[in-house]
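The structure under discussion appears below in the form of structure tokens.
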């Protein structure tokens with residue numbers, strides 16, 4: 001089971017999982033600004049890897065969107081166009097990854113899938129608390145305690161301590177379709193190049209010495 | 001923050017929380033057979049306690065319903081009309097309480113609510129793994145790790161080691177509106193009296209020496 005937003009990190013995570021598994025993929029939509037664009041990226045990446053429809057699902061988290069409180073889901077909070085500073089960014093969606101992991105574990109229990117892969121990045125990421133390894137380990141424990149005793153799912157976050165540059169290099173090495181990914185927080189035909197997600201991505205490609213294959217507005 | 005299905009256990013949990021808090025209440029609908037009836041019970045119980053609309057929310061978990069695999073959400077799997085035996089019952093919805101707790105923690109983080117109450121019952125319950133205290137403690141740890149460092153929500157399950165008879169007695173002591181609750185797994189105007197949930201409930205009232213105020217078809 002691989003959680004796949006359609007972004008760079010989850011695409012590389014999926015490419016890694018494809019090395020040794022025949023994964024099912026789960027995408028989530030939660031009323032974020034770029035929901036339609038991310039969904040397209042997810043479907044194109046899944047097509048690229050030849051994942052059949054029966055092993056793709058989309059989770060609708062309208063509750064998270066309706067809660068608001070994040071620049072990603074609340075149109076009244078602008079997406080910052082500066083590099084992330086200290087603390088938790090305004091783009092944090094409260095406890096979002098717990099919803100994604102809960103859905104992945106529910107489906108994994110039915111499929112008896114041994115592991116859930118998530119492209120969370122702690123070191124060189126956005127500072128979201130639900131991307132930290134300590135959270136992922138605690139959730140793994142909860143998943144083992146809260147499901148059938150015969151089912152002990154692992155939560156795999158192979159990129160959690162990688163830098164963005166390492167993730168870009170790994171993606172290229174694995175032949176991951178980085179040209180199909182979408183990372184930008186703004187809705188648009190082209191990535192904005194200015195939001196914190198675009199900045200992290202562009203800095204990663206720069207540090208890897210590779211040109212980003214997607215198009216930017218600026 | 002109190003999770004409230006509209007059943008006996010969550011009604012008594014809410015009555016307990018009302019003793020010392022002004023809680024917000026969260027109800028979930030996940031494509032279960034009795035979704036409309038449970039929703040009505042939730043609204044009537046919230047009305048009884050005078051909880052204003054701004055502190056009530058309904059979580060739509062259509063994903064869990066679409067996954068199926070449980071007699072509660074899959075119309076092709078009949079609800080057993082016998083007492084639960086050993087193992088995990090066919091009415092188990094995979095990892096359901098993780099979805100409910102994730103939503104409650106997300107909302108609690110926005111409200112800066114210090115605790116999430118859940119009416120999970122381990123000892124005298126249905127044998128669901130996500131009602132065990134070990135799961136709730138592991139999830140509490142995940143909630144503290146996966147949210148802002150300033151936010152350390154407690155997961156309170158005051159009934160987790162109570163028997164059904166104790167829960168009935170406690171509800172009566174607290175003046176909880178047990179006549180408004182709905183526990184039955186079958187859709188109907190009256191509770192079936194035969195499913196595992198009705199059996200547990202009726203046995204609890206019997207052991208408490210109290211008559212169940214709701215109507216049964218049998």
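Selection of segment A:182-218 for residues being assigned to a loop (DSSP other than H, G, I, E, B) and farther than 19 Å from residue A:5 by Cα yields A:194, A:209, A:210, A:211, A:217, A:218. Residues in segment A:35-70 that are in a loop (DSSP other than H, G, I, E, B) and at the interface with another protein chain (Cβ under 9 Å from one of its Cβ atoms) were compared, and the one that is nearest to residue A:128 (Cα to Cα) is A:69. Given the structure, is residue B:179 assigned to a loop (DSSP other than H, G, I, E, B), surrounded by fewer than 20 Cβ atoms within 10 Å (Cβ to Cβ) and either free of Cβ contacts under 8 Å to residues at least 12 places away in the same chain or more than 14 Å from chain A (Cβ to nearest Cβ) (or both)? The answer is no for residue B:179. The single condition among (1) away from every other protein chain (no Cβ under 14 Å); (2) touching a helix residue (DSSP H, G or I) at 6+ places or on another chain (Cβ under 9 Å); (3) under 23 Å from residue B:42 (Cβ atoms) that residue B:203 does not satisfy is (3).
Suppose the filter is over 29 Å from residue B:108 (Cβ atoms), crowded, with 17+ Cβ neighbours inside 10 Å and within 15 Å of the chain's Cα centre (by Cα); does residue A:51 pass it? Spelling it out, it is not the case that residue A:51 is over 29 Å from residue B:108 (Cβ atoms), crowded, with 17+ Cβ neighbours inside 10 Å and within 15 Å of the chain's Cα centre (by Cα). Check segment B:9-17 and report whether any residue there is within 14 Å of the chain's Cα centre (by Cα), within 14 Å of chain A (Cβ to nearest Cβ) and crowded, with 18+ Cβ neighbours inside 10 Å. No. Residue B:112 fulfils the conditions (1) within 9 Å of chain A (Cβ to nearest Cβ); (2) within 30 Å of residue A:90 (Cβ to Cβ) except for a single criterion, (1).
A residue that is at pLDDT below 90, assigned to a loop (DSSP other than H, G, I, E, B) and within 24 Å of residue A:168 (Cβ to Cβ) can be found somewhere in segment A:25-32.
Name the residue that is farthest from residue B:70 (Cα to Cα), counting only residues in segment A:119-141 that are in contact with a helix residue (DSSP H, G or I) (Cβ under 7 Å, 6 or more places away or on another chain) and more than 10 Å from every other protein chain (Cβ to nearest Cβ). Result: A:124.
Of all residues in segment B:150-176 being in a loop (DSSP other than H, G, I, E, B) and touching a helix residue (DSSP H, G or I) at 6+ places or on another chain (Cβ under 6 Å), which is nearest to residue A:69 (Cα to Cα)? Don't jump to the end; show me each part of the working.
We begin by selecting, within segment B:150-176, every residue in a loop (DSSP other than H, G, I, E, B); these are B:150-153, B:157-163, B:175-176.
Filter once more, keeping what is touching a helix residue (DSSP H, G or I) at 6+ places or on another chain (Cβ under 6 Å): B:151-153, B:157-160, B:176.
On the way: B:151: 15, B:152: 18, B:153: 18, B:157: 27, B:158: 30, B:159: 32, B:160: 32, B:176: 34 Å.
Top of the filtered list is B:151.
Restricting segment A:79-109 to residues that are farther than 16 Å from residue B:99 by Cα and free of Cβ contacts under 8 Å to residues at least 60 places away in the same chain, the residue that is farthest from the other protein chains (Cβ to nearest Cβ) is A:85.
Name the residue, out of B:147, B:73, that is facing chain A (nearest Cβ under 8 Å), in a loop (DSSP other than H, G, I, E, B) and touching a helix residue (DSSP H, G or I) at 6+ places or on another chain (Cβ under 6 Å).
On the way: B:73 fails: facing chain A (nearest Cβ under 8 Å).
Of the residues listed, the single one that is facing chain A (nearest Cβ under 8 Å), in a loop (DSSP other than H, G, I, E, B) and touching a helix residue (DSSP H, G or I) at 6+ places or on another chain (Cβ under 6 Å) is B:147.
Within segment B:150-161, does at least one residue satisfy the condition of being farther than 25 Å from residue A:148 by Cα, more than 10 Å from chain A (Cβ to nearest Cβ) and crowded, with 23+ Cβ neighbours inside 10 Å? Scanning segment B:150-161, I find no residue that is farther than 25 Å from residue A:148 by Cα, more than 10 Å from chain A (Cβ to nearest Cβ) and crowded, with 23+ Cβ neighbours inside 10 Å, so the answer is no.
The values are calculated or read from the model by the stated rules, or taken from the named source; none is laboratory data. The structure presented is a predicted model; accordingly, all values stated were derived computationally and were not measured. Neighbour counts run over all protein chains shown; Cβ positions are idealised from the backbone, glycine included.
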